[in-house]
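The values are calculated or read from the model by the stated rules, or taken from the named source; none is laboratory data. Predicted model, so just to flag it, every value in this text is computed and none were measured. Here the Cβ positions follow ideal geometry from the backbone for every residue, glycine too, while neighbour counts run over all protein chains shown. The area values use the complete protein model at the heavy-atom level, side chains included, leaving out ligands, DNA and RNA. Shrake-Rupley method; radii C 1.70, N 1.55, O 1.52, S 1.80 Å.
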Amino acid sequence: MGFGGFAKFPLASLEYGLQFCTHLMYGYAGLTRESFEIASLNVDLDMFHFRQITEMKKTFPDLKIFLSLGGDYDNDEVDPQKYIHFLEGGKPLYDNFIRSSVTMLKNNGFDGLDLAFQFPRNKPRKVHEVHKEQFTEFVRDLKAGYATANLSLALTVLPNVNSTWYFDIPKIHNHFEYINLFAFDFLTPDRNPEEADYTAPIFLKDEQNRLPHYNVDFQVNYWLTNGCPANKLNLGVATYGRTWKMTTDSQLSGMPVVPATYGPADAGVMSGRAGLLSWPEICGLLNKASTAGTFRGANAPLQKVVDIDRKYGNYAFRPADENNEHGIWISFDDPDFAGYKADYARQKGIGGMAVYDLGYDDFRGLCTGAKFPILRSVQNVID
């Protein structure tokens with residue numbers, strides 16, 4: 001299963017990657033404020049892209065293509081709690097949403113909708129059990145409406161959205177074809193600017209006061225022990241790394257937890273987002289040769305540390321120079337480690353893997369010549 005935003009990379013490259021996928025989640029759409037209807041977040045592009053995307057089923061007739069709602073892109077400064085307010089609106093809002101979404105999906109040839117609701121990442125002041133009940137009611141009504149329209153429904157649990165607050169697993173899992181568990185970005189340079197650590201470990205490294213739920217194994221076991229069938233779960237793996245600025249106080253070893261970091265490192269040319277580098281950008285830094293013994297500064301190579309235990313993840317770093325500049329620390333899953341996660345999923349009996357985002361994989365084959373190396377690695381293990 002792959003997630004992608006078409007604007008990030010050429011249609012021909014996406015088409016090449018789809019040979020490795022069973023499903024494509026195209027994102028993201030958003031909710032309109034007040035009326036809470038589904039709407040494009042980029043009308044000028046999407047009026048063409050929606051159809052171009054769904055017409056790929058002519059080439060891949062077994063591929064299912066879902067429109068994904070929410071994600072990290074439906075940011076509403078006026079109403080940042082928009083998805084909570086939608087739930088609180090009750091049945092009239094749900095019915096209106098169902099009508100508008102069926103129309104959009106049918107008019108554009110999508111097979112279904114993926115709910116990637118942007119619930120609050122930090123603990124709300126008041127956590128009401130009622131939100132869990134409201135989400136259950138909404139999903140039940142949505143599923144009933146979609147059954148009539150012959151549309152499917154999927155759920156994506158975004159990073160750092162606490163499942164215990166919003167998802168009544170025994171009551172909702174039957175309504176979804178798949179549930180994508182985005183078990184990564186447990187720590188990010190935006191949320192945790194002053195220290196760097198593994199962003200998506202498989203298991204808990206039980207030291208240095210790490211939180212017990214910031215790992216893949218905890219999240220997967222939570223859904224399984226609460227009654228979600230293993231074959232309905234897809235384990236999410238990120239095709240990008242998170243990057244922090246190291247300072248002269250961050251120590252030279254690079255070993256996490258790294259202290260005294262200073263927020264996100266600079267954006268990459270491809271990613272365009274501070275604190276985030278795509279896999280080909282990371283690969284390019286790792287393959288950078290040292291010139292004239294330079295180990296500090298902008299032209300110095302990064303040291304890669306491979307997790308030989310295959311439990312926590314890889315990292316790479318370059319300490320800050322004497323001017324407190326050019327220090328960087330990166331936590332990432334390379335193609336090999338993505339394969340280890342796929343092997344973990346297989347051993348747990350999980351249904352599959354969700355690769356996010358296809359546009360951040362090495363779709364041009366710049367690193368080793370192989371296109372989509374992370375996607376390929378995952379698919380090779382699953383198959």
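Key figures
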{"quantity": "Fluctuation leader among 92, 80, 256 - the chain, Gaussian network, Cα springs under 10 angstrom", "calculated": "92"}
{"quantity": "For the chain, accessible area per residue (1.4 Å probe, heavy atoms of protein chains only), Å²", "calculated": "43"}
{"quantity": "Between the range 303-358 and the range 219-267, the alpha-carbon center distance in angstrom", "calculated": "8"}
{"quantity": "Candidates 109, 351, 365: whichever shows maximal mean-square fluctuation once the chain is modelled as a Gaussian network with Cα springs under 10 Å", "calculated": "365"}
{"quantity": "Those lysines that a straight Cα-Cα span of less than 24 Å connects to residue 232, excepting residues fewer than 8 apart in one chain", "calculated": "57, 64, 132, 143, 171, 311, 341, 348"}
{"quantity": "Helix axis angle, 129-149 relative to the chain longest principal axis, alpha carbon, degrees", "calculated": "60"}
{"quantity": "Heavy-atom accessible surface of the chain: percent carbon and sulfur, 1.4 Å", "calculated": "49"}
{"quantity": "Charge tally in the Cβ shell below 12 Å around residue 327, where Lys, Arg are +1 and Asp, Glu are -1, residue 327 excluded", "calculated": "-2"}
{"quantity": "Helix-derived mean residue ellipticity, 222 nm - over the chain, DSSP H n ≥ 4, -39500 (n - 2.57), to 500", "calculated": "-9000 deg cm²/dmol"}
{"quantity": "The range 196-270: relative contact order as a whole-number percent, Cα under 8 Å and 6+ apart", "calculated": "30"}
{"quantity": "Whole-number percent relative contact order across the chain, with pairs defined as alpha carbons under 8 Å at least 6 apart", "calculated": "15"}
{"quantity": "Of all DSSP beta bridges in the chain, antiparallel share, percent nearest 5", "calculated": "40"}
{"quantity": "Integer Hz, Karplus 6.51/-1.76/1.60 couplings in order for the range 263-272, x for Gly and Pro", "calculated": "x, x, 6, 4, 5, x, 4, 7, 6, x"}
{"quantity": "13 Å beta-carbon shell around residue 91, net charge (K/R +1, D/E -1)", "calculated": "-3"}
{"quantity": "Acute angle (nearest 10 degrees) that the helix 216-225 long axis makes with the longest principal axis of the chain, alpha-carbon atoms", "calculated": "30"}
{"quantity": "Per residue Cα convex hull volume in Å³ - calculated over the range 41-144", "calculated": "127"}
{"quantity": "Contour minus Cα-Cα distance for residue 255 and residue 217 (0.36 nm per residue)", "calculated": "11.5 nm"}
{"quantity": "Cβ-placed point charges (K, R +1; D, E -1), dipole of the range 169-236 about Cα centre in debye, nearest 20", "calculated": "400"}
{"quantity": "Quarter of the Cα convex hull surface for the range 87-173, i.e. its orientation-mean projected area (nm²)", "calculated": "5.8"}
{"quantity": "Label-point gap, in nm, between residue 287 and residue 103 - each point 7 angstrom along Cα→Cβ", "calculated": "4.9"}
{"quantity": "Cα-only Debye scattering, the range 309-371: base-10 log of I(q)/I(0) at q = 0.19 Å⁻¹", "calculated": "-0.91"}
{"quantity": "Amide H contacts under 5 Å for residue 274, placed H, 5+ residues apart", "calculated": "267"}
{"quantity": "Debye equation applied to the C-alpha atoms of the range 121-210, log10 I(q)/I(0) at 0.17, 0.18, 0.23, 0.25 Å⁻¹", "calculated": "-0.87, -0.92, -1.17, -1.27"}
